[in-house]
Amino acid sequence: MTGMELKILDWLQTIRTPIGDALMCFITSLGNVGAIWIVLAVVLIAIPKTRKSGIIVAAALIIDAALCSGILKNVFCRIRPFDVNTAVQVLITKPRDFSFPSGHTSASFAAATALYLAKERKLFATTLVLACLIAFSRMYLYVHYPTDIIGGILIGITSAYLAIGVRRKSR
């Protein structure tokens, strides 16, 4: 699969532009260490009306971090695409951890799905768009394979469902 995936990533390199490069670097930075999602969870927790939703988002992010970075990256040990095709100019600081699954993507989809499950529909729509942009940016920037992104999406969604399940059982 890696050969086909590299072809997809190489094709993405052909549509790069200076504006696209700047935009994708900015978008991907929003997902660094899950910062935007952690801030969102804290803000939601601080507002009494959205506190329950914030707790669900925070729980989803914690579960996601444990699954993605704590377990799966170390089980699969997949090297990053820029280490396979060293001719590509990487525009961001090269991540030092393994490639599968995409942590940026999984955290983004964990937060967005948690908001959906918490019935925060308007906030969900915005976060889903941002989650998709962050996921795409990881391929555009040549730091993740498409299957890393798909894996990240599935793990993020699963983490949100696990968080809502834990919340329901704790009632």
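The values are calculated or read from the model by the stated rules, or taken from the named source; none is laboratory data. None of the values given here were measured: they were computed from a predicted structure. Using ideal geometry, Cβ is built from the backbone for each residue, glycine included, and neighbour counts are taken over all protein chains shown.
Within this structure, SER53 fails the test of being surrounded by fewer than 20 Cβ atoms within 10 Å (Cβ to Cβ), in contact (Cβ under 8 Å) with a residue 12 or more places away in the chain and small (Gly, Ala, Ser). Kindly check whether there is at least one residue in region 147-157 that is charged (D, E, K, R), over 15 Å from the mean Cα position of the chain (by Cα), under 27 Å from LEU6 (Cβ atoms) and at pLDDT 95 or above. The answer is no; no qualifying residue exists. For region 38-61, the set of residues classified as in a helix (DSSP H, G or I) and touching a Gly at 6+ places or on another chain (Cβ under 9 Å) consists of LEU40, ALA41, VAL42, VAL43, LEU44, ILE45, ALA46, ALA60, LEU61, listed by residue number.
Every residue, every condition in (1) in contact with a Pro (Cβ under 7 Å, 6 or more places away or on another chain); (2) surrounded by fewer than 19 Cβ atoms within 10 Å (Cβ to Cβ); (3) modelled with pLDDT of 95 or more; (4) on the phi < 0 side of the Ramachandran plot, yes or no:
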site: PHE82; (1), (2), (3), (4): no, no, yes, yes
site: ALA87; (1), (2), (3), (4): no, yes, no, yes
site: PHE100; (1), (2), (3), (4): no, no, yes, yes
site: HIS104; (1), (2), (3), (4): no, no, yes, yes
site: SER108; (1), (2), (3), (4): no, no, yes, yes
site: ALA111; (1), (2), (3), (4): no, no, yes, yes
site: LYS122; (1), (2), (3), (4): no, yes, no, yes
site: THR126; (1), (2), (3), (4): no, yes, yes, yes
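In the set (1) modelled with pLDDT of 95 or more; (2) more than 30 Å from PRO18 (Cα to Cα); (3) of a type in the set (D, E, K, R), ARG78 fails one condition alone, (2). For region 97-171, the helices (runs of 4 or more DSSP H) that sit wholly inside it and include 2 or more residues that are under 17 Å from ARG51 (Cα atoms) and among the aliphatic types (A, V, I, L, M) are 103-117, 146-169. A residue that is outside any loop (DSSP other than H, G, I, E, B) and more than 21 Å from the chain's Cα centre (by Cα) cannot be found anywhere in region 62-76.
What about ASP64, is it acidic (Asp, Glu) and either over 18 Å from ILE164 (Cβ atoms) or at pLDDT below 95 (or both)? Against the criterion (acidic (Asp, Glu) and either over 18 Å from ILE164 (Cβ atoms) or at pLDDT below 95 (or both)), ASP64 does not qualify.
Here ALA46 fits the description: over 17 Å from ILE153 (Cα atoms), surrounded by fewer than 24 Cβ atoms within 10 Å (Cβ to Cβ) and out of contact with any Leu (no Cβ under 8 Å at 6 or more places or on another chain). Within region 140-153, the set of residues being surrounded by 21 or more Cβ atoms within 10 Å (Cβ to Cβ) and closer than 17 Å to ASP97 by Cβ comprises LEU141, TYR142, VAL143, HIS144, TYR145, ASP148, ILE149, GLY151, GLY152.
Restricting attention to region 1-32, the residues that are assigned to a helix (DSSP H, G or I) and either of a type outside the set (A, V, I, L, M, F, W, C) or surrounded by fewer than 12 Cβ atoms within 10 Å (Cβ to Cβ) (or both) add up to 18.
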